[in-house]
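J.: Take a look at this one; I'll ask things after.
The values are calculated or read from the model by the stated rules, or taken from the named source; none is laboratory data. Predicted, not measured: the structure shown is a model, and the values here were computed from it. Note that we place each Cβ from the backbone using ideal geometry, even for glycine, and neighbour counts take in every protein chain shown.
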Amino acid sequence: MRTGPLAVAPMPSSSSAAGLRAAAAKAPAAPAAPAALDRWHRADATPARRQFWSRRVRIFNLEGTLVHTLPDLASALNHALRELGFAAVPHSLARASLHAGLEGSAAAAVAYQRLPQGVVAPLLARLQRRYLATMTLRSAPYDGVPQLLARLSALRQPMAVCSNLPQRTAEQLLEALGLDGHFTQVVGADTCGERKPHPAPLRRALVRLGARPAEALMIGDSAVDAASALAAGVGHLWFDGGYGLPPPLYPWRFHAWRDLLAAAAPIVTPSPALALAPSRAVEPPARSLPLFLSLPA
């Protein structure tokens with residue numbers, strides 16, 4: 001497998017525990033862009049806003065994009081660990097692994113603590129139960145999200161959610177937060193047998209929405225979302241107010257949802273110059289998806 005800057009790194013195993021510990025120690029306590037880049041993209045959100053309003057169909061990642069889910073997920077993970085008699089892990093580890101779903105968080109915790117691989121299954125079972133019971137204690141939509149979704153719904157714009165949470169879990173989270181009425185489709189990690197960064201979940205959403213790739217835009221907060229969009233031939237926007245930072249000076253980025261609401265442009269026909277990839281993308285092998293930057297190992 002290629003491991004350069006255009007490769008998707010696999011989930012860490014117990015042999016990469018040292019790398020996990022280093023990544024967790026270096027991760028910031030809360031999602032934030034470097035100050036210089038923050039000033040740059042706050043000064044001009046026009047490219048992202050133009051990209052956002054140029055598409056007829058929008059597909060959103062859920063956790064870390066529409067909803068700040070980290071506190072409840074990290075708490076559920078540590079509760080599950082304590083039930084099994086193990087120590088808690090830093091919230092930054094949950095943040096670094098959550099884009100791979102609950103399975104990714106369980107595997108990362110096991111690797112971080114150098115536990116036997118046989119611990120993953122019972123830990124995952126406990127994590128799933130606990131997260132379902134507590135996933136809305138502190139989770140909430142990001143500022144501006146309800147207003148933007150309401151604007152899109154008023155314009156009758158098709159919207160879907162594409163998450164690496166199980167589909168029913170994603171649906172329940174949306175329902176509990178009062179966001180479910182805006183979306184006609186929800187695609188989860190278990191909907192089509194593949195999960196992001198594979199393009200299949202995005203393609204499933206497109207089929208259900210009756211849309212072509214050139215009409216659609218994927219909005220997410222991680223390299224996982226970017227890779228899935230690129231492989232599916234869908235346009236992409238990076239919300240860098242979530243849990244992952246884009247490459248420096250990446251043009252299709254925004255920091256606050258209200259930046260997209262300001263002076264919202266009318267819907268226009270997508271320009272080929274705005275497309276992230278050709279609309280007729282050939283599905284690549286699942287383990288060699290192109291990407292803008294490597295995921296942390």
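J.: Identify all residues within region 194-224 that are out of contact with any strand residue (DSSP E or B) (no Cβ under 6 Å at 6 or more places or on another chain) and of a type in the set (Asp, Glu); write none if there are none.
T.: The answer is Glu194, and nothing else.
J.: Could you give me the residue pairs with C-beta distances under 6 Å whose first residue belongs to region 57-73 and is under 17 Å from His91 (Cα atoms) and surrounded by 24 or more Cβ atoms within 10 Å (Cβ to Cβ), whose second residue is β-branched (Val, Ile, Thr) and at pLDDT 95 or above wherever it lies, and which are 6+ apart or on separate chains?
T.: Filtered contacts from region 57-73: Glu63/Thr69.
J.: Given the structure, is Leu152 in the same structural domain as Pro201 (by TED's automatic domain parsing), part of a helix (DSSP H, G or I) and of a type outside the set (Asp, Glu)?
T.: yes
To keep it simple, each residue is scored yes or no on (1) in the same structural domain as Pro146 (by TED's automatic domain parsing); (2) assigned to a loop (DSSP other than H, G, I, E, B); (3) at pLDDT 85 or above.
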{"residue": "Pro246", "(1), (2), (3)": "yes, yes, yes"}
{"residue": "Ala264", "(1), (2), (3)": "yes, yes, no"}
{"residue": "Ile267", "(1), (2), (3)": "yes, yes, no"}
{"residue": "Pro290", "(1), (2), (3)": "no, yes, no"}
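J.: Starting from region 168-187, take each residue that is among the hydroxyl-bearing types (Ser, Thr, Tyr) and list its partners that are surrounded by fewer than 22 Cβ atoms within 10 Å (Cβ to Cβ) and part of a helix (DSSP H, G or I), counting only C-beta distances under 9 angstrom and pairs at least six apart or across chains.
T.: Thr169/Gln128; Thr169/Leu132; Thr184/Arg208; Thr184/Leu209
J.: Do you know which residues across region 130-174 are under 20 Å from the mean Cα position of the chain (by Cα) and among the charged types (D, E, K, R)?
T.: Within region 130-174, Arg138, Asp143, Arg168, Glu171 qualify.
J.: Among the residues of region 201-220, is there at least one that is surrounded by 15 or more Cβ atoms within 10 Å (Cβ to Cβ), more than 20 Å from the chain's Cα centre (by Cα) and modelled with pLDDT under 95?
T.: For region 201-220, residues surrounded by 15 or more Cβ atoms within 10 Å (Cβ to Cβ), more than 20 Å from the chain's Cα centre (by Cα) and modelled with pLDDT under 95: absent.
J.: How many residues does region 167-178 hold that are crowded, with 20+ Cβ neighbours inside 10 Å and either assigned to a loop (DSSP other than H, G, I, E, B) or among the hydrophobic types (A, V, I, L, M, F, W, C) (or both)?
T.: 3
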